[in-house]
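FYI, it's all coordinate maths here, none of it is from the lab. Remember, predicted model here, so these are calculated numbers, not experimental data. A quick note on method: Cβ atoms are made from the backbone with ideal geometry, for glycine too, and the neighbour counts reach across all protein chains shown.
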């Protein structure tokens, strides 16, 4: 072995000089981990493709139906209104949220199922820096991915929208809020899924919980005509966060038709962030307390 | 130096480690032996903070593992070969672990060279053989050039060349003043590698002594003597600590004293000796008798695999054929 330090220096000196674990280093480690798995790379690519494809489909068919002679006039008016809704190109968000939820769950449960977590926690025995670094990498990657996905969604829809005089007004504050909202909403979903994964540790259980929440619980609460459900539904994480993608006029309209609370965009997003924060705190406490 | 003070670990109702204290000294290879389920891995996991002791503390060079600013230069750990994401390549795994301490690409290349992983470094770990996984685990353990090494079954699945390499490496690291703490079920290998032995059974430490002392306690350690007057010699030698057993072929098996004492006693009594041969017991013999009461998972199919009582004499046929300590 050629690497043994000959250092006759006292151990204390050697120790002071030893490379320490720092948060930027842990972040770098998590960054390497993220991009060195095929599954995560594929998930990122899938997010972009799903959002682009759904945007194109939504805009293309909405435009076609809006101008089709066989469409009834009141439907055509509704479709034209929809075509001018900047949220239309983000229709893919509904599917993409499932993809980023899977990503959030897998980047942490994959470590538990393979035993990797023990390597992670022996390298970072204080544990929490590893959790925060992973969360931050997930947030950064999801954000970047959704920005790219939105650009693609806009590009594939631009021609159709333009020809219907519905081109996105990037200067409008509401359009900006909705586009940023798509990014923040999906990043929030990814972090929520990540926290659930960190708490449950087992991929199957965590996926069932997250997808069950997004696809079953929230949908049931939204649709069942039970007053309790209708009152609580707006405060469930994905429902609340999704308000960021809704135009103010749609929110006002919803308020005239329902007795249930309809949250303002940023209020809804704050509610979602509160869920994410609580879940992450529970995950952090669990990680500190439980054996790995 | 690893110091455990009264550490206890419960998993639900089960007591995995029961109030044990021990010190693993620097500059030596300390072997950690015990039957399956005795608490070896749990103890090692507690040293590096993966499991939290129910009670007690364990420190490495005076601090709890998690309190070290640079854990990987402090302690290198191999707890199980595949604590690695199966979808990641060996080199990416090493890069990711190295990044937490800011070790560069060069250090990663060095440990890949040291552990002979070159040909598979770019391949995904999921397809690795047991031995290759073990080499990767060793590479991670060596990444920080640590003061202390904690290795659970490091040679498990390694080829003979790999076993020899690990043995020499560990002896060299100990000679440099580092602390080496390893578990293994391969007694002959342990006898060659370790200076000191810690035996754990049913969650308690049942022996903590230098290898030589452990082997000397073995029921297999005896002196074989041949003389024309066995009766007289036996009377001469028998004492409170010394037992003399006649063997079938006329030899005497003497336990509890040395060949030197026997030879001198015979000479002063004017007795002729035709043979005076010390038999060193093996570490395996000692281990078997030490842990006879502590084995939790007996193989019931073949009763010969484990002695049933602590005092049962060990038949000659059970001596480890490959043990360096055995003279025939």
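Observations on the structure shown:
- Peptide B:20-32 shows a mean partner chain C-beta count of 0 within 10 Å per residue C-beta.
- Potential extension, residue A:77-residue A:291 segment - 0.36 nm per residue separation minus Cα distance: 71.1 nm
- Each peptide in B:225-232, A:54-61, A:68-75 receives the mean, over its residues, of other Cβ atoms within 10 Å, and ordering these scores from highest gives A:54-61, B:225-232, A:68-75.
- Estimated [θ] at 222 nm from DSSP helical runs (n ≥ 4, -39500 (n - 2.57)) normalised by residues in chain A, nearest 500: -24500 deg cm²/dmol
- Counting Cβ atoms of other protein chains within 10 Å of each residue's Cβ and taking the mean over peptide A:34-40 gives 4.
- Region B:148-285 shape via C-alpha gyration tensor axes, a/c threshold 1.5: prolate
- Degrees separating the helix B:90-99 axis from the principal Cα axis of chain B, which is the longest one: 80
- Mean ellipticity per residue at 222 nm, deg cm²/dmol - from DSSP H runs of n ≥ 4 across chain B, formula -39500 (n - 2.57): -9000 deg cm²/dmol
- Axis angle, to the nearest 10 degrees, between helix B:160-175 and the longest C-alpha principal axis of chain B: 90 degrees.
- Among B:6-12, B:177-183, the order from most to least packed when residues are scored by Cβ within 10 Å on average: B:177-183, B:6-12
- Shown here: region A:157-256, whose C-alpha atoms stretch 48, 32, 21 Å along the first, second and third principal axes, sorted largest to smallest.
- Calculated FRET value between residue B:185 and residue A:165, using beta carbons and R₀ = 60 Å, to 0.05: 0.15
- With 10 Å bins beginning at zero, the pair-distance distribution over Cα atoms of the protein assembly as shown amounts to 3, 14, 19, 18, 14, 11, 9, 6, 3, 2, 1, 1, 0 %.
- Residue-averaged beta-carbon neighbours from other chains (10 angstrom radius) around B:62-71: 4
- Seen from a random direction on average, the alpha-carbon convex hull of chain B projects onto 19.9 square nanometres.
- Packing-based ranking, highest mean first, of B:105-118, A:172-185 given that Cβ atoms within 10 Å are counted: A:172-185, B:105-118
- Residues listed by number, region B:1-35, amide nitrogen under 12 Å from residue B:55 label point at 7 Å toward C-beta: B:6-10, B:18-20
- Compared with the dominant Cα axis of chain A, that is its longest principal axis, helix A:93-114 is turned about 20°.
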